[in-house]
């Protein structure tokens, strides 16, 4: 009996998959042993200076996109012979979407400031200015409320005058309200949405009953990612971000206007 090409190929593929799994298991076990062997007081530190807030808007938007592109895969394409193919069904869990959208939208907010748009890899920013922005993007400034951040972005003239960006903000608000709007007082003025990232159990205190809920009403993750990718390109175009940075040859120094005390 003559064997077809698939009759030879499937056993070979299974052998390769098994060998790969074995190698991955060995690598995982070796990695675990390395972690166990680390000293208890290990602490990585910058080679000089200290780590502080990044004020380059593009990096904020890139970081937000990294999270938004972190799909939770539900199902894969099944290939002949029981082999697993690429993912075809995925979603973006609410906590991941919230963090990614918050970082991305705050990057859009930073674009309105000239001193942020021209920051290069080696730019130095005065500590007082860094502290000012930490206050403005932190819990007591823009906070974690995505609807509030979107409202603030709509007040920025560059965005208000651009129909494409305003449409994006409207669509993101729609995604939040229809798919991700947290049920823990998220629309209250002083609520901090970070609390809503935690898993929720819904209580009826009058009836003394409760139920767990995964809040699994999600849009397709690929569509959410596509929405934010297009927005990043539009924001880049509106503010001429990459062209501005490409024209910079030297690092930029931002210093506060206050005078330093004499030693």
Checklist outcome for this item: FRET efficiency (residue 89, residue 124; Cβ distance; R0 41 Å; to 0.05) is 0.30
Checklist outcome for this item: So the FRET efficiency between residue 242 and residue 198, C-beta based with R0 = 22 Å and rounded to 0.05, is 0.05
Next on the checklist: With 10 angstrom as the radius, rank 73, 125 by how many other C-beta atoms surround their C-beta, starting from the fewest.
Outcome noted: 73, 125
Item to check | Order of 17, 68 under a 10 Å beta carbon neighbour criterion, fewest first | outcome: 17, 68
Checklist entry - For the peptides 143-149, 133-139, what is the packing order when you average, over each peptide's residues, the other Cβ atoms within 10 Å and list the highest mean first? => result 143-149, 133-139
Next on the checklist: Given R₀ = 45 Å, what would the calculated FRET efficiency be for residue 21 paired with residue 209, taking r from the Cβ atoms and rounding to 0.05?
Outcome noted: 0.50
Next on the checklist: Given contacts defined as C-alpha pairs under 8 Å and at least six residues apart, what's the relative contact order of the stretch 83-162, whole-number percent?
Outcome noted: 34
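Any read-out appearing in this document is the output of simple, stated calculations on the displayed coordinates, not a laboratory observation. Just so it is clear, the model here is predicted, and its values are computed rather than measured. Neighbour counts are summed over all protein chains in view; Cβ atoms, including those assigned to glycine, are modelled from backbone coordinates with ideal geometry.
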